[in-house]
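Here's the structure we're looking at; comments come further down.
The values are calculated or read from the model by the stated rules, or taken from the named source; none is laboratory data. Worth saying up front: this structure is predicted, and the values here are computed from it rather than measured. Every residue, glycine among them, receives a Cβ derived from its backbone with ideal geometry; neighbour counts consider all protein chains shown.
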Amino acid sequence: MNTRIRLALAAAATLALATVGGVYTVHAAGRAAAGQAPDRQRSSGSGDRGLVLDATGQLVYRNIAGNVAGVPVADPTAPPVVSGLRCARFSAAHGTGICLTQPGALGTSDAVVLDAALKPIRRIPLGGIPSRARVSASGRMISWTVFMRGDSYLSTGFSAGTSILDTKSGQLIANIETLALTKDGKQYYSPDVNYWGVTFAADDNRFYASLSTKGKTYLVQGDLANWSARTVRENAECPSLSPDNTRIVFKKRVRASADKPWRLYVLDLESGTETPLAETQSIDDQALWLDNETVAYARSGVGDLDPSQVAGANPAGVDVGPAAHWDIYSVPADGSGSPQLLVPGGSSPTLLR
Amino acid sequence: MYLTTSRKTPEIRTGPGVRARAGRIGANVLALGIVSMVTDVSSEMVTAVLPLYLVAGLGLSPLQFGFLDGLYTGMTALLRLAGGHLADRWQRRKAVACAGYAISAASRLALYAAGSSVPALGAALAADRAGKGLRTAPRDALIALSAPPDQLGRAFGVHRALDTTGAMLGPLAAFGLLTATAGAYDSVFVVSTCVGVLGVVLLVLFVRDQRRPVPAAGAVSPAAALALLAAAPFRRLCLAAIVLGLATISDAFLYLLLRQEFGLPAQYFPLLPLGTAASYLLLAVPFGRLADRIGRRTMFLAGHGALLAAYGVLLWPRSGTGTWTTFEQWPRTSPAVYAAGAAVLLLHGIFYAATDGVLMAAAATLLPAHLSGSGMALLQTGQALARLCASVAFGALWTLWAARSALAAAALALALAAGIAVLLLPRTPPKDRL
């Protein structure tokens, strides 16, 4: 084979491979564009008023295309109001919203604080992959968690970094790992401490979060004014406080293996009793209390969505690809009943009360 | 047994009708460099989006994946030895390297096909690492056999610069694709596979194997590879690399120290490896050439001097970044911190540019041609395992003491290791430079 033939073959191979990659990418881009086309998403039944965060009775969530959408919690099958705002994770309360954006070039994303009209009022650059977000019931305190890469002893591990923002003072704590921590009654320090999944109490000072250190996870109770935290119990992740602040729904690791490891439990803070919920699937989410008796959460579903199930989010029956998606389910908080599908294709649920 | 340095013809055939002349990079080295660049674009595309895909795309917890790392490191070490051995035994360096590249390319599609099944994902990732382990030693042996002995530093410099360029372009390509397709991870996996296949095609078409007569039965064996250590110069080089490796903290730790000790804002964290890579790729060729002139021993030691300097900058006493205990005392990042951070990344890149390819160039002149793959695999594996030990030890010290004390210990160990390396690596007359 002489050089000319080699070059011709290389050029032909490049062309062929570029065509395969290019055609596939155009197809994928078209698939995404179809899913996002605004005229297919805007709901006609919602009137002129778009999505606002000071409404009440609205279940706001991230739809399958990544847009923030809302439905009346009393009638989740109603046509949703879909905003143009795109987030990887979203939470809102009392006229304040937090949107963790999809990571862009170089894998960084932003935490965007939103006013009641979903207008960005503050943008904080993040160094990792969005994981959890929470706004306190009053709308004053915001917390979010990102996963950071390479942040471990061996080069491809992960760690969690959690921030807290006080929207009243503007004070931002980029990483809460400097909390004075008391573990099992003793002062504790370890550089491998990771916090994630903060939930705020009604006083905007007390909070709960998950903590990991030395391969174990704990539920911690924190105090912002004292800048301290103490462990409450072992093996309780992604806590969420009930509206009456008496119970916590959390995910508990029930299997050591990486396959389907978590189940949802409710912890009574007064008595310390744990109740497994009727959801038997593994749940990896920070759940939401719809009221003092019901919790909602995103459950991952593998396989294609049934397009007929997806109200508004995907009305054209767009191929969403074989990747896993999320659906929002609800289940009674006392362990009774069974999971009910609330919003197909939805994730990151938050309730405007 | 003849040494690569004593090959009869100073001109080496590097491609059809192409002869490497002094002052020009051999076509074969360039071809290998381009294959590595294309392959690194492919692999880094996937590496860059993988955590995002697993967490955001599949909804798996990232904490589910950390535990596989140690396993991979051990497996890569074993396969690297196997790759070097097979390449020598069959005198088919190109074929073994090609198999490694092909396995890695195929693993990208397997990764996507695995869906959210954790065992299948683990198997696909393992296949990728297996391919990487298999190809490294035969490829470096091919580079060594494709350049004149007095230009080995430069040849490895060219290869490493191209390789690092690919590693920098990969993440940009991946996130560009994700932006263009509004988060269609499948397009990243498909395009990455296409790019990986292109790397294999370019290897098949443009890389010329350097085959020597197939050695007599028994001449290439694990025992023969180990017997390489009986020759003092190679044994001393391996020992020096291992001793220095034992005092080299991993990239991840260095970036973690930068972030924690300097209070560098978190959004710069993903950019830190790019800083090292930029400095590495710009300096790999000039330092390789310099190593050919002033001696590879000097360059290799000077590179570790740069790493020691990087530790020094990290340890430099600073004010205003002390621990804070209350809600109101969040420290601010000063311009001096950014300058010091840039200095650390520059020194870190200098360290790689002055040591990585240079060590292989130094080894190439000490190894018999028929065992070059085995010998390089031995050296690389020794160094990799030493660095793994260093990481584990450093992690333990960090947990036990604090980051600064652990780093001070690492700096002390590195200074000591450098002293030992100076004694281990004898100064040689310029003619037979190490």
Can you confirm whether B:Ala278 is within 14 Å of chain A (Cβ to nearest Cβ), small (Gly, Ala, Ser) and touching a residue at least 40 places away in the same chain (Cβ under 8 Å)? yes
Some residue of region A:219-235 being at pLDDT 95 or above and acidic (Asp, Glu): yes
Answer yes or no: is there a residue in region B:140-150 that is surrounded by 24 or more Cβ atoms within 10 Å (Cβ to Cβ), outside any helix (DSSP H, G or I) and either in contact with a strand residue (DSSP E or B) (Cβ under 7 Å, 6 or more places away or on another chain) or not assigned by TED's automatic domain parsing to the domain that holds B:Leu379 (or both). yes
Mind checking which residues of region B:176-210 are in a loop (DSSP other than H, G, I, E, B) and within 25 Å of the chain's Cα centre (by Cα)? B:Val207, B:Arg208, B:Asp209, B:Gln210
May I ask you to say which residue of A:Pro130, A:Pro125 is part of a strand (DSSP E or B), surrounded by fewer than 16 Cβ atoms within 10 Å (Cβ to Cβ) and either within 14 Å of another protein chain (Cβ to nearest Cβ) or in contact with a Phe, Trp or Tyr (Cβ under 7 Å, 6 or more places away or on another chain) (or both)? A:Pro125
For region B:28-81, what are the residues that are in contact with a Gly (Cβ under 8 Å, 6 or more places away or on another chain), at pLDDT 80 or above and over 26 Å from B:Leu177 (Cα atoms)? B:Asn28, B:Ala31, B:Thr76, B:Ala77, B:Leu78, B:Leu79, B:Arg80
Can you say whether B:Val158 is within 23 Å of the chain's Cα centre (by Cα), more than 11 Å from every other protein chain (Cβ to nearest Cβ) and modelled with pLDDT of 90 or more, as far as the supplied structure shows? yes
Single unsatisfied condition, B:Leu264 versus (1) assigned to a loop (DSSP other than H, G, I, E, B); (2) among the hydrophobic types (A, V, I, L, M, F, W, C); (3) modelled with pLDDT of 85 or more: (3)
One residue is enough: does region A:51-59 have a residue meeting the conditions within 14 Å of chain B (Cβ to nearest Cβ) and either modelled with pLDDT under 95 or buried (at least 18 other Cβ atoms within 10 Å of the Cβ) (or both)? no
Checking B:Val204 against (1) crowded, with 24+ Cβ neighbours inside 10 Å; (2) modelled with pLDDT of 90 or more, only one condition comes out false. Which one? (1)
Filtering region B:177-201 for residues that are of a type outside the set (S, T, N, Q) and under 21 Å from B:Ser36 (Cβ atoms) leaves a count of 11
Name the residues in region A:67-118 that are part of a strand (DSSP E or B), more than 14 Å from chain B (Cβ to nearest Cβ) and among the β-branched types (Val, Ile, Thr), would you? A:Val68, A:Val71, A:Val81, A:Val82, A:Thr96, A:Ile98, A:Val113
Qualifying residue in region B:370-389 (condition: over 20 Å from the mean Cα position of the chain (by Cα) and either over 23 Å from B:Pro273 (Cβ atoms) or assigned by TED's automatic domain parsing to the domain that holds B:Leu307 (or both)): yes
Meets criteria (within 11 Å of another protein chain (Cβ to nearest Cβ), modelled with pLDDT under 90 and either crowded, with 20+ Cβ neighbours inside 10 Å or under 30 Å from B:Val35 (Cβ atoms) (or both)) for A:Gly35: yes
So, B:Ala173, is that one under 30 Å from A:His325 (Cβ atoms) and either of a type in the set (Phe, Trp, Tyr) or free of Cβ contacts under 8 Å to residues at least 24 places away in the same chain (or both) or not? no
Mind checking whether some residue in region A:249-265 is touching a Phe, Trp or Tyr at 6+ places or on another chain (Cβ under 7 Å), closer than 20 Å to A:Ile142 by Cβ and facing chain B (nearest Cβ under 10 Å)? no
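Residues checked against (1) at pLDDT 95 or above; (2) surrounded by 15 or more Cβ atoms within 10 Å (Cβ to Cβ):
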{"residue": "A:Thr156", "(1), (2)": "no, yes"}
{"residue": "A:Thr162", "(1), (2)": "no, yes"}
{"residue": "A:Ile173", "(1), (2)": "no, yes"}
{"residue": "A:Thr178", "(1), (2)": "no, yes"}
{"residue": "A:Gly185", "(1), (2)": "no, no"}
{"residue": "A:Ser190", "(1), (2)": "no, no"}
{"residue": "A:Asp204", "(1), (2)": "yes, yes"}
For B:Leu81, are the conditions met, namely being of a type in the set (A, V, I, L, M) and within 27 Å of B:Ala223 (Cα to Cα)? yes
